[in-house]
Amino acid sequence: GQFDALLAPSLEYLNASHNNFTSLSRFRSYKPSHKTLRTLDLSTNSIRQNLSMILSNVPPNLVQISFANNTIRGSFPTTFDSLESLQQLDISSNVISGSLPDFSRSCPSLQALNLSDNARTN
């Protein structure tokens, strides 16, 4: 079913991996944990959404994100909110296509990017 990652008001770390979630609720900026969440692991689920939709309005303080081993499709948005704190992004083993954005602008602190094992085109 659908999963809301901003489920607790002062949540900083969320590991919801190895479940059977099929979609992710839009991140709502009015929820308190939109400002506190630092680590989000939704790897090894059954998420079948578009990457652009998932990355819209991502909480700004995230340091680590893992969406590995899902069925996330589509491409990166041409522009997305600045994630100045993001250091690790793992979107491996999905179905990502299209060109990559300029991570130096949107994610200036990015240290690790894993896009392996995607059916990536372009």
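The values are calculated or read from the model by the stated rules, or taken from the named source; none is laboratory data. What you see is a predicted model; the values in this text were computed from it and never measured. SASA here: full protein model, heavy atoms, side chains in, ligands and nucleic acids out. Shrake-Rupley method; radii C 1.70, N 1.55, O 1.52, S 1.80 Å.
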Under the helix-only model (-39500 (n - 2.57) for each DSSP H run of 4 or more, divided by the residues of the chain), the mean residue ellipticity at 222 nm, to 500 deg cm²/dmol, is -1500 deg cm²/dmol
Of the candidates 15, 69, 45, which one comes out as most mobile in a Gaussian network treatment of the chain with C-alpha springs shorter than 10 Å?
15
Express the accessible area of the chain per residue in Å², computed with a 1.4 Å probe while the remaining protein chains stay in the model.
50 Å²
With a 1.4 angstrom probe the carbon and sulfur portion of accessible area for the chain, in percent, totals 45 percent
